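The values are calculated or read from the model by the stated rules, or taken from the named source; none is laboratory data. Please read all numbers here as calculations on a predicted model, not as lab measurements. Don't worry about glycine lacking a Cβ; one is built from the backbone with ideal geometry, like all the others, and counts go over all protein chains shown.
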Amino acid sequence: MLSVNQLSKSYGDQQALQDVSFELAAGERVALLGANGSGKTTTINSICRLLEWQQGNILFEQQDITKSTDYMRHIGAVLGGCRNVNWRLTASQNAEYFARLHGTSKKQAFKTITRLEEQLGLAQYAKKEVGKLSTGNKQKAALLSALAHQPKLLLLDEPTLGLDIQTVDELQKIIIEQSNELNQAFLITSHDMAFIEKICTRVIVLNKGKVIYSGDIKALKEQLYHFEMRLKLTPPDNTQIEGHLKELWPNHSHLSSEDEQIIVHYDSPEQAFATINWLAQQAIVPLDLTINPLSVETAYQTLLDQEVNA
Ligand code: ATP
C-alpha cells in the first residue's frame, strides 16, 4: 500500500534522513522507533506531505504521493502538538468536519464519532472547544479526528502522549480492531515500548536518519541484552575489571558508568558467572553486586545507546 523508497532529507546542513526505505501493507501495524532526533517525525511528516525531501520517492497504491490528486483523502494523521485539529471547534465538530471532507455520510460519521468518543473517554467533553481541553483530552480529540473518517492509512506520531492508562488500553483495542476489520494500515512512532509491543507486529528502527533494523518485534527482542550486572568496586579494582570485561566479552557486553557503578549488559546469565569467577580468582570483593533481568524497554534503550555511541 505504502512504499517509501530511498528517502533522503536534509534541513540545511543537518541530514535528517538517509536512504530510508520501507513498505507498509494494508492491515499492517508497524512501529517506527528510534532515539530522539533519529528521523521519525521527519519520516511521518514527509508521508503526510508536510515536508519536501531531496531524494527518493513515496508511493501510495503505486502512485507517487506528490502527483496523486486524492492521496490526502486516504490518510489520517496525529501529529505532535495536536496540530491536526482546529482548537476553536469541539472534538466532535473537528471529527465531523474531517469525516465529511473525506466523503463520509453524515449518518456514518455520527455513528463512528459517537462510538470513538465513548471508547476514548471524550463524550463528557463533547461540547468544549478543543483549545480549552486538558493536554490529554486534546490528544484524544486529535485521535478522534484522525480515526473518524476511517482512512486507509493512519500515521500516528507519539499517539499515547498525555493519555491516561485506561485510554492507552482503549486506543490499543481501537487500533487492533480497525486494522483487522477495516484493513487500515497504521504507522506509529512511540517511545512507549510496552504499547508498541502490544499492537505492532513489525518494527522499523531508525538511527541518525538510517534504518538500522526492520522486521519482526520478536526477532528484535532476541537481539537485545536480557540481563544486566551492576558492580561497585573500589579503585584500582574498577579499572582492572574494565580491562577484563573488554577482553572477555568484546561483542556481548558493554560498560557504562553510572553512580560509580560498572554496568555490564549480558545476553545470558552464565556470562555473569564467568565474571564472578574471575572476581573470585583475583580475590576482588565488590562493594555491591546485583544481577537483574532487563525490561524490553531498557534493553531496547541499551541497543540505541550503543548505536548512538558507535
Ligand atoms: P524525537 O523522538 O525527538 O521526536 P525524531 O526521531 O522525530 O525525534 P526528527 O524530529 O525527525 O527526529 O529530527 C531528525 C533530525 O532533523 C534531528 O537531527 C533534528 O534536529 C533535525 N530537524 C528536525 N526538524 C528540523 C528543522 N525544522 N530544522 C532543522 N533541523 C531539524
Inset, instruction - Filter region 28-45 down to the residues that are assigned to a strand (DSSP E or B) and more than 16 Å from GLN184 (Cβ to Cβ), then identify the one that is modelled with the highest pLDDT. - result: LEU32
Legend entry - The lone exception for ASP64 - which of (1) without any contact (Cβ under 8 Å) to a residue 12 or more places away in the chain; (2) within 12 Å of the ligand (Cβ to nearest atom); (3) of a type outside the set (A, V, I, L, M, F, W, C) it fails: (2)
Inset, instruction - Output the qualifying pairs, or none if there are none: Cβ atoms under 8 angstrom, residues six or more apart or on different chains, first residue in region 222-242 and in a helix (DSSP H, G or I), second residue of a type in the set (A, V, I, L, M) and modelled with pLDDT under 80. - result: GLN223/LEU303; GLU242/LEU255
Legend entry - Residues being surrounded by fewer than 21 Cβ atoms within 10 Å (Cβ to Cβ) and either more than 22 Å from GLY39 (Cβ to Cβ) or among the charged types (D, E, K, R) (or both) - total across region 181-198: 7
Inset, instruction - Answer yes or no: is there a residue in region 46-56 that is polar (S, T, N, Q), modelled with pLDDT under 95 and within 11 Å of the ligand (Cβ to nearest atom). - result: no
Inset, instruction - Give region 28-42 a look and list any residue that's more than 11 Å from LYS210 (Cα to Cα) and near the ligand (Cβ under 6 Å from one of its atoms), or say none. - result: ASN36, GLY37, THR41, THR42
Legend entry - Yes/no for TYR71 being aromatic (Phe, Trp, Tyr) and more than 24 Å from SER3 (Cβ to Cβ): no
Legend entry - Flag if SER3 is modelled with pLDDT of 90 or more, in a strand (DSSP E or B) and not hydrophobic (A, V, I, L, M, F, W, C): yes
Inset, instruction - For region 9-27, name all the residues that are outside any loop (DSSP other than H, G, I, E, B), within 12 Å of the ligand (Cβ to nearest atom) and not hydrophobic (A, V, I, L, M, F, W, C). - result: LYS9, SER10, TYR11, GLN14, GLN15, GLN18
Inset, instruction - Name every residue in region 46-71 that is in contact with a Lys or Arg (Cβ under 7 Å, 6 or more places away or on another chain) and in a helix (DSSP H, G or I), in order of residue number. - result: SER46
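In this structure, does SER179 turn out to be assigned by TED's automatic domain parsing to the domain that holds SER92 and in a helix (DSSP H, G or I)?
yes
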